Amino acid sequence: MINCTCIVQEGQTPDLRKGEMLNLLNRFASASFGQEAQTAWVPVAPGHGFTAGKPSTSSVVSITSNEPLNPERRESLLRELVALWTDETGCTVDEVVAVISDPTTQR
Amino acid sequence: MPLYICNARKGTLDEASRASIAEAITNIHCSVTGAPADFVHAVFFEDAPQFPLEDKTLFVRGTIRKGRTDEQKDQIAGLIRAALAEHGDTDAQETNALIRETPASWVLEGGEIMPEPGEEAEWFAAQEARRAGEGSHH
């Protein structure tokens with residue numbers, strides 16, 4: 001399984017879309033890494049997110065790859081992921097932070 | 001990025017203390033690293049199992065761009081613990097802060113790969129140009 005964590009602003013991505021987002025991440029992980037995603041969906045309550053010390057609407061989607069990626073492939077996957085996210089949620093690119101990490105690098 | 005995740009025992013932080021801690025974290029990160037404030041994200045949870053408190057009342061896990069010295073990371077963690085104690089009205093022994101690193105090239109923000117530390121000016125110029133272009137189409 002491909003580990004994925006989504007830290008999302010509550011209310012920004014309506015609950016009815018959570019299932020769609022999880023399916024979308026599954027399809028993305030299957031197509032990109034050959035395995036389905038195991039996603040932790042972590043909602044941020046209104047007023048609990050900040051950027052530059054001010055209230056924020058940014059969400060974070062973080063995926064751990066199952067193999068080391070070269071820079072070109074990683075950037076391509078990151079752009080695909082952000083495009084999927086913004087298309088589905090209606091967020092702008094300024095409201096999503098995407099991370100694709102290599103495996104077993106974080107302590 | 002950086003992303004600072006704060007987990008607190010339920011009822012420890014109110015709206016004002018969360019805002020104060022978010023501001024303090026932003027100031028600490030920027031003063032220690034020289035990074036721009038617009039990069040600094042802070043989110044708050046209560047009793048979130050994904051970010052274990054263990055025996056503490058307040059815990060911050062910071063993920064920052066790779067390239068800072070161990071001294072800088074220790075300084076950030078120490079100052080954040082002090083800010084948690086001050087604004088969370090908690091003993092410093094009840095706080096914990098851990099800093100970990102992610103290569104900038106692993107992160108896409110504002111539609112672009114994050115710049116390496118110290119290379120932010122060109123990145124921001126590209127962001128401003130993009131936004132100006134988007135604005136001209138509306």
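The values are calculated or read from the model by the stated rules, or taken from the named source; none is laboratory data. In this text the structure is predicted, and so the values were computed from the model without any measurement. Cβ atoms come from the backbone with ideal geometry, glycine included; neighbour counts cover every protein chain shown.
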* With respect to A:ASP94, determine if the residue is crowded, with 16+ Cβ neighbours inside 10 Å and out of contact with any helix residue (DSSP H, G or I) (no Cβ under 7 Å at 6 or more places or on another chain). => yes
* Structure fact -> Taking first residues from segment A:63-84 that are more than 21 Å from A:ILE7 (Cα to Cα) and at the interface with another protein chain (Cβ under 9 Å from one of its Cβ atoms) and second residues anywhere that are in a helix (DSSP H, G or I) and at pLDDT 95 or above, the pairs with Cβ under 7 Å that are 6 or more apart or on different chains are A:PRO71/B:SER105
* **Complete set of residues in segment B:83-125 that are within 14 Å of chain A (Cβ to nearest Cβ) and acidic (Asp, Glu)** => B:GLU101, B:GLU109, B:GLU112, B:GLU116, B:GLU120
* To do: Please verify whether segment A:15-36 includes one or more residues that are closer than 28 Å to B:ALA16 by Cα and either of a type in the set (Asp, Glu) or more than 12 Å from the chain's Cα centre (by Cα) (or both).
  => yes
* Structure fact -> Of the listed residues (A:ARG73, A:ARG17), the one being of a type in the set (Lys, Arg) and at pLDDT 95 or above is A:ARG73
* To do: List every residue pair whose Cβ atoms lie under 7 Å apart, where the two residues are 6 or more positions apart in sequence or sit on different chains, the first residue falls within segment B:12-26 and is closer than 14 Å to A:PRO55 by Cβ, and the second residue, located anywhere, is in a loop (DSSP other than H, G, I, E, B) and among the β-branched types (Val, Ile, Thr).
  => B:THR26/B:VAL40
* Number of positions in segment A:94-107 that are at the interface with chain B (Cβ under 7 Å from one of its Cβ atoms) and either of a type outside the set (A, V, I, L, M, F, W, C) or farther than 23 Å from B:LYS66 by Cβ (or both) -> 4
* Asked: What is the residue count in segment A:38-55 for residues that are crowded, with 19+ Cβ neighbours inside 10 Å, at the interface with chain B (Cβ under 8 Å from one of its Cβ atoms) and either over 18 Å from A:CYS91 (Cβ atoms) or not aliphatic (A, V, I, L, M) (or both)?
  -> 5
* Restricting the first residue to segment B:28-52 and requiring it to be farther than 24 Å from B:ASP14 by Cα, which pairs with a second residue that is of a type in the set (A, V, I, L, M) and buried (at least 22 other Cβ atoms within 10 Å of the Cβ) meet a Cβ separation below 7 Å and a spacing of at least six or different chains? -> B:CYS30/B:VAL40; B:VAL32/B:ILE76
* To do: Starting from segment A:1-14, take each residue that is more than 13 Å from chain B (Cβ to nearest Cβ) and list its partners that are modelled with pLDDT under 90, counting only C-beta distances under 6 angstrom and pairs at least six apart or across chains.
  => A:THR13/A:THR89
* To do: Quick one: B:ALA37 ticks every box in (1) closer than 22 Å to A:VAL60 by Cα; (2) touching a helix residue (DSSP H, G or I) at 6+ places or on another chain (Cβ under 9 Å); (3) more than 8 Å from chain A (Cβ to nearest Cβ) except a single one, so which number is it?
  => (3)
* **Options B:ALA42, B:ALA82, B:ALA35: the member that is within 26 Å of B:SER105 (Cα to Cα) and either in contact with a Leu (Cβ under 9 Å, 6 or more places away or on another chain) or assigned to a helix (DSSP H, G or I) (or both)** => B:ALA42
* Structure fact -> For segment A:53-70, the count of residues that are at pLDDT 95 or above and within 16 Å of A:LEU25 (Cβ to Cβ) equals 7
* Structure fact -> Exception for A:SER30 within (1) surrounded by fewer than 18 Cβ atoms within 10 Å (Cβ to Cβ); (2) in contact (Cβ under 8 Å) with a residue 12 or more places away in the chain falls at (2)
* Structure fact -> Within segment B:3-28, restricting to residues that are within 22 Å of B:GLU116 (Cα to Cα) and facing chain A (nearest Cβ under 10 Å), the one that is surrounded by the most Cβ atoms within 10 Å (Cβ to Cβ) is B:ILE25
